[in-house]
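Read through the structure below, which is laid out as structure tokens, and then see the notes.
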Amino acid sequence: MATPQATPQPAQADKGKGKELPRATAMIVIGMAGSGKTTFMQRVNSYLHSRNQPPYVLNLDPAVMHLPFDANIDIRDTVDYPEVMKQYNLGPNGGIMTALNLFTTKFDQVLGHVENRAQSVESVLLLPPDPPPALTETALTPSYVLLDTPGQIEIFTWSASGSIITDALASALPTVVVYIIDTPRTTAPATFMSNMLYACSILYKTRLPFLLVFNKTDVEPHGFALEWMRDFEKFQDALLERRRTHGEEDGPAYMDSLMNSMSLVLDEFYKHLRAVGVSAMTGEGMDELFDAVQEAREEYERDYKPELEKITAERERKKEAQKAESVTRLMRDMKVSSSGDSAQVPQSELDKYLDPSAAGQDDDEEEDDDEGEVIDRSARTDYYELPARRRGTGPGGTVELEDGSQWPAP
Ligand SMILES: Nc1nc2c(ncn2[C@@H]2O[C@H](COP(=O)(O)OP(=O)(O)OP(=O)(O)O)[C@@H](O)[C@H]2O)c(=O)[nH]1
């Protein structure tokens, strides 16, 4: 039977394979509005807590009013979404996009927190001085990093910040894209096809291991979807049947021939996909989900990691070349200025070329930076003294540990 502890300890599982993979697996949860992402996050979160494996949770939706689970890092702590809308005169979607862009500029800090917690040894350094006895080091070293994304799917999947966040995370941790589908709303062949095309576009954009999660199976079992994915003739039969029973209701008849052709094209795509059915509401299918995540992690290690390493090396090479070019340009400019033909290069300019991180760091700017600091709520030394409400424990049901602290109930 599948359990989340299937994630191997790096010391054993990855020994002898070059650089050790972090113990944690990142799950980026993406889905159409209303597909059940938040409920799914809550379910996965409480499932892992019930197995004494609290995940490390990131909320990237700045507009969410209420989070029914604890988030270690919450975009709302760093970016004030209503203020962003007001200041930049934006509507709700523009506001979410801008808030995400602003947060992305701080994502190196987020990665710092995540990487520290994902490595078992370093995580000890982040433990509060008196962690409750019920929470052992293993429990505080997450095996899973969960990332909840904004409800408006395109804001994450088709924005530069979404790509930056995905790429950065994938270069730090084994990462899996979890695509949530609202099963009851996918029973019409046309809707199913649209959803699959969207999934296909995300897969090709991220190039990461991909997992289709048919949610709400308590309302509609996902068997029909698996059948359509396995056998395109079954999908084409369903299309014919739908046309017979619904007539032109789903659109003009020529759409059917388009979908017929697409089902053939997507046949190859389906072969590379893992699909599971879950009910975020009842908790059904969680074991199969973690089996599939474990398989996806192995795929990351086998196929994606070597590719990523190649890209990273190439990027480093380009950066070095750019740096060398800047220095050459600077030296040329300095020669001109020392001959008295133009103004001297100010020291601050020199600093910029020689150490870009040191450029323009006066006291005021440092203060501004502190304002947008990314907060790891769980790494605060006074974390356990904070009232449960401040720690984000929502009313979605909690369990009390031996020391009296609250965690989301399974
Ligand atoms: N029956 C059933 N309902 C579900 C399930 N998962 C989610 N829902 C319901 O679906 C609705 C949407 O769920 P959310 O978790 O808010 O969906 P979301 O994708 O986060 O929504 P946005 O944040 O708007 O994108 C809610 O009414 C949930 O109660 C499930 O497994 N079964």
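The values are calculated or read from the model by the stated rules, or taken from the named source; none is laboratory data. Note that the coordinates shown come from a computational prediction; the quantities given were computed from them, not determined experimentally. Positions of Cβ are backbone-derived with ideal geometry, glycine not excepted, and every protein chain shown enters the neighbour counts.
Residue count for segment 63-78 under the criterion of being closer than 19 Å to V114 by Cα and in a loop (DSSP other than H, G, I, E, B): the result is 4. Within segment 202-225, being charged (D, E, K, R), at pLDDT 95 or above and under 24 Å from the mean Cα position of the chain (by Cα) holds for one residue alone: K216.
Looking at segment 171-265, the helices (runs of 4 or more DSSP H) lying wholly inside it that each contain 1 or more residues that are of a type in the set (K, R) and closer than 24 Å to Y300 by Cα sit at 189-206, 223-230. Considering (1) under 14 Å from the mean Cα position of the chain (by Cα); (2) away from the ligand (no atom under 16 Å from the Cβ), the lone condition that A188 does not fulfil carries the number (1).
For A313, state whether it is part of a helix (DSSP H, G or I) and exposed (fewer than 11 other Cβ atoms within 10 Å of the Cβ).
Considered against the rule, which asks whether it is part of a helix (DSSP H, G or I) and exposed (fewer than 11 other Cβ atoms within 10 Å of the Cβ), A313 comes out as yes.
Of the residues in segment 287-310, none is more than 18 Å from A199 (Cβ to Cβ), outside any helix (DSSP H, G or I) and within 16 Å of the ligand (Cβ to nearest atom). The residues of segment 191-219 that are within 15 Å of the ligand (Cβ to nearest atom) and more than 24 Å from N260 (Cβ to Cβ), listed by number, are V213, N215, K216, T217, D218, V219.
Those residues that are within 13 Å of the ligand (Cβ to nearest atom) and of a type in the set (G, A, S), I need them from segment 25-63; list them, please. G31, A33, G34, S35, G36, A63, listed by residue number.
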